[in-house]
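Report on one structure; see the data block that follows.
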Amino acid sequence: MSQKKIGIIGSGLIGRSWAMIFAASGWTVSLYDIEVKQIETALADIKQQLKTLEKEKLLRGNINADQQIALISGSTKLEDTVKNATIIQECVPENLELKIKVWKQVDAIAESTTILSSSTSTFVPSLFSKDLKNKKNIIVSHPVNPPYYVPVIEVVPAPWTDPEVAKKTRAIWEEVGQTPVSLTREIPGFIVNRLQYVLLNEAWDLVKEGVLDVKDIDKVMSEGLGMRYAFLGILETTHLNDHGFVNYCKSYADTIYAVSQDFKAPTKFQGPQVLEIAKQLESDVPLDKLQKRRNWRDLALTKLSQLKKQMNKL
Ligand code: NAI
């Protein structure tokens, strides 16, 4: 079989993660950016990250860090990155005009068999693909940060995406060790953000009503619901909480409905409450300590992903 190649457009945070994930599975990676400096920084950062992961025995894949590094090259020539690619993964900043422009450039030179995949977190694929000649190949593959440790990928087709492309994209994510979920159609917010926004809206209202302070709301997730959601989905949780889902509904349908009537209509996150929540968050993690806390989060997620692998074997 010929060597598989991914072309990554944009070498920032997410582009670098994809490069590492695909190299770990032996793919050739071509990383494109508009600035030479940006590419140089990205390649140096990837090299350092892979070496550190190897030292800490956290490297993914069956080949060593040097072999993975050798699979990754940088380019400021779009043709180099797009040519012969099995899949293009676009990772430019979240700006619709820019996405439309970049996809037009890629589309002009892409082969008709190349999958055209975007990392976008907020734009449904029809928004940036309707005029592409290869629009049947467009798909969104939305990760959760940091994708090296958090495996889920939302695979979202446009109305004109060839179902075979959606299937092949899912298979690629499985092959490189991620966990794809396939939406049957595009929907605003996809799934991750829809679920996340339900929780955020409720947290916002609880602060507004003065029911709980910010730290205690976060504890409900980190020391409560999040503990089991790290292993079980929301639906399986209900299944186990009673004698199966049918019984759960018999027991709790009235309560769920009654409590849900108490939810407020969503409001925009603006006004003095933004500063109030920020003040409480910053009292624990000041803005100049965000990176330190992110590093801690990534370490915690690494350990959790190792534990999940062990638990999934039981
Ligand atoms: P970033 O700002 O870290 O990186 C963007 C990169 O794109 C930069 O290296 C920049 O030089 C490059 N770029 C700008 N214009 C370009 C062009 N015309 N052609 C090629 N490269 C260009 O952004 P990040 O965080 O990596 O996000 C990329 C995408 O991934 C966005 O769509 C974002 O919504 C999505 N995403 C981000 C997540 C996150 O937590 N950062 C999580 C999930 C998705």
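Distance between the C-alpha centres of segment 171-239 and segment 66-93: 32 Å, rounded to the whole angstrom.
Distance from the alpha carbon centroid of segment 32-65 to that of segment 255-285 works out to 39 angstrom.
Helical runs (DSSP H, four residues minimum) scored at -39500 (n - 2.57) apiece and divided by the length of the chain put the mean residue ellipticity at 222 nm at -16500 deg cm²/dmol.
As a test of the definition: which semi-axes, in Å, follow for segment 191-276 when you take the square root of five times each eigenvalue of its alpha carbon gyration tensor? Largest first, please. If you can, show how the numbers build up before the last one.
Details: eigenvalues 143, 51, 28 Å².
Here the semi-axes work out to 27, 16, 12 Å.
Taking every Cα-Cα distance in the chain and sorting them into 20 Å bins from zero, the calculated P(r) comes out as 27, 56, 17, 0 percent. How many nm is it between the label spots at N312 and T122, if each spot is 7 Å from the Cα in line with the beta carbon? Computed distance between label sites N312 and T122 equals 3.1 nm.
Compute the acute angle (0 to 90°) between the alpha-carbon long axis of helix 272-284 and the principal axis of greatest extent of the alpha-carbon atoms of the chain; round to the nearest 10°. Once rounded, the angle reads 80 degrees.
If one takes the longest principal axis of the Cα atoms in the chain, at what angle in degrees, from 0 to 90 and to the nearest 10, does the Cα axis of helix 163-175 lie? The angle comes out at about 90 degrees.
Computed from the C-beta positions of L98 and F269 and an R0 of 30 Å, the FRET efficiency is 0.75 to the nearest 0.05.
Estimate the FRET efficiency between S112 and E175 by the formula 1/(1 + (r/R0)^6), using the beta-carbon distance for r and 22 Å for R0, to the nearest 0.05.
Numbers: r = 22 Å, r/R0 = 1.00.
Efficiency for this residue pair is about 0.50.
With R₀ fixed at 30 Å, the C-beta to C-beta distance from K47 to A230 puts the FRET efficiency at about 0.45.
Ranked by the mean number of other Cβ atoms within 10 Å of their residues, highest first, the peptides 38-45, 185-192, 229-236 come out as 38-45, 185-192, 229-236.
The angle separating the long axis of helix 96-109 from the principal Cα axis of greatest extent in the chain is about 30 degrees.
In a fully extended conformation the segment linking T184 and E56 would gain 42.1 nm over its present Cα-Cα distance, using 0.36 nm per residue.
Equivalent ellipsoid of segment 254-314: semi-axes from √(5λ) of the C-alpha gyration tensor, largest first, are 32, 27, 8 Å.
For segment 5-182, a Kirkwood hydrodynamic radius built from all Cα pairs, placed in the Stokes-Einstein relation at 20 °C and 1.002 mPa s, yields a translational diffusion coefficient of 134 µm²/s.
On full extension of the chain, what length is gained from Q280 through K83, given 0.36 nm per residue of separation minus the C-alpha to C-alpha distance? Walk me through the numbers on the way to the answer.
On the way: separation 197, 0.36 × 197 = 70.92 nm, distance 4.99 nm.
Result: 65.9 nm gained on full extension.
Computed with a 1.4 Å probe over protein heavy atoms only, the accessible surface of the chain comes to 59 Å² per residue.
In segment 72-171, the alpha-carbon atoms span a convex hull of 107 Å³ per residue.
Each peptide among 98-105, 299-306 gets the average number of other Cβ atoms lying within 10 Å of its residues, and from highest to lowest they stand as 98-105, 299-306.
Take the solvent-accessible surface of the protein heavy atoms, probe 1.4 Å, and return the percent of it on segment 1-70 that carbon and sulfur atoms account for. All intermediate terms of the calculation are to be shown ahead of the outcome.
On the way: 1840 of 3520 Å².
So the carbon and sulfur contribution to the accessible surface is 52 percent.
The values are calculated or read from the model by the stated rules, or taken from the named source; none is laboratory data. Because the structure is predicted, anything quoted here is derived from the model rather than measured. Note: ideal-geometry Cβ built from the backbone for every residue, glycine included; neighbour counts use all protein chains shown. Note: accessible area is taken over every heavy atom of the protein model, side chains too, but ligands, DNA and RNA are not part of it. Shrake-Rupley method; radii C 1.70, N 1.55, O 1.52, S 1.80 Å.
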